[in-house]
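Here the structure comes first, spelled out in structure tokens, and everything after it is commentary.
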Amino acid sequence: MFVFVCPIRHPASSNDYGSILTFLNNTIESLNAQQTDRPFKIIVVCNEVPPAPETFNNTEFVAVDFPPPDMNKGAQVPLDLVKDDKGCKISIGLLYAKRYSPDYVYVIDGDDWFNIDTIEHVYKSSASDLFYANSGYVVNLAEKTFLKKFGLCRYCGSVYIYSFAVLMKLSGLSHLEYRQGLNKETIYEAVDSFFLKQILGNHRHQLHTFRSKGLQVQELLVPAVAWILNTGENHSAQNPGKYGLPLSKSFLTQFGIRSIEASEKPIGLNKRVKALLESLQSYIGWRSTDKKQTMI
């Protein structure tokens, strides 16, 4: 069994909760397009369970009664509070997932997309404690463009697939059971602050942390993730570069997206070359990054 855990923002902390649900719908559409016969389940951890359209199939919503991180909205919420809220929600999702005894768990933000071949790729690879996405794409939905990037684990929160058993043991959650009404204080008692905020709630320390413990770390050899920018909610960079390519039908199909219309915008050779050079620059930047540092 393969489990996706997807935390979403508190409605009071979002600029537009309706848009968040639209992005979530696209994410679930992408996850449900996986080209595999292996069983998988999507667990969304939220403060309010949304009306469930048909595209939310194979999905279970787990509601938590956490207060909003603070009175700000979107990217104005302090990042440390975002990490705390996200880490606690993921912890609840992991505890809920115990009932399925999953082999692997993929933590995905509620606006990103997942390559439809990735589950099969994971199971056909040698077993690992942590898989990570090196290559993937950044997508600007406002401009309907995409650009290939390398070292995506430096930027995107949807880049890690964990051995469920290993993650539960490292987190301290293995001895805790899911129940309705679990509060943050109970999570704080089980999970130390660093692991909660920097491993579960963030994405910059995983490679060093897992390797320093002698655990197996393996790169995903498919461009696993499409990182969606310009949502109006994210703290990260707000555009994928100057020279994105049009969102083609073949690209959207690679991530199982049918609900977004492909771009018909023509693109000249000059812009294609510039997009290639920008991708190449990210490849060189990732190759030159010291992978042994504490934070990638």
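Quick notes on this one:
- Scanning segment 175-194 for residues that are in a loop (DSSP other than H, G, I, E, B) and either under 20 Å from the mean Cα position of the chain (by Cα) or surrounded by 15 or more Cβ atoms within 10 Å (Cβ to Cβ) (or both) turns up LEU176, TYR178, LEU182, VAL191.
- Any chance LEU79 is closer than 30 Å to GLU278 by Cα, surrounded by fewer than 15 Cβ atoms within 10 Å (Cβ to Cβ) and out of contact with any Ser or Thr (no Cβ under 7 Å at 6 or more places or on another chain): yes
- Some residue of segment 2-9 being closer than 21 Å to VAL159 by Cβ, assigned to a loop (DSSP other than H, G, I, E, B) and touching a strand residue (DSSP E or B) at 6+ places or on another chain (Cβ under 6 Å): yes
- Residue count, segment 146-174 (criterion: of a type in the set (Gly, Ala, Ser), within 27 Å of ASP112 (Cα to Cα) and over 19 Å from the mean Cα position of the chain (by Cα)): 1
- When residues in segment 260-274 are screened for being over 24 Å from the mean Cα position of the chain (by Cα) and either within 15 Å of VAL139 (Cα to Cα) or not in a helix (DSSP H, G or I) (or both), 6 of them pass.
- The one condition in (1) outside any helix (DSSP H, G or I); (2) surrounded by 22 or more Cβ atoms within 10 Å (Cβ to Cβ) that LYS89 fails to fulfil: (1)
- Residue check for PHE23: under 15 Å from the mean Cα position of the chain (by Cα), within 24 Å of LEU229 (Cα to Cα) and modelled with pLDDT of 95 or more: no
- Of residues in segment 26-67 being part of a loop (DSSP other than H, G, I, E, B) and in contact with a Pro (Cβ under 8 Å, 6 or more places away or on another chain), the one modelled with the highest pLDDT: ASN47
- Enumeration of residues in segment 24-52 that are surrounded by fewer than 21 Cβ atoms within 10 Å (Cβ to Cβ) and touching an Asp or Glu at 6+ places or on another chain (Cβ under 6 Å): GLN35, THR36
- Looking across segment 68-86 at every residue that is basic (Lys, Arg) and not in a loop (DSSP other than H, G, I, E, B), the one that is nearest to ASP109 (Cα to Cα) is identified as LYS86.
The values are calculated or read from the model by the stated rules, or taken from the named source; none is laboratory data. On a predicted model such as this, the values are computed, not experimentally measured, just so you know. As a convention, Cβ positions derive from the backbone with ideal geometry for all residues, glycine included, and neighbour counts pool all protein chains shown.
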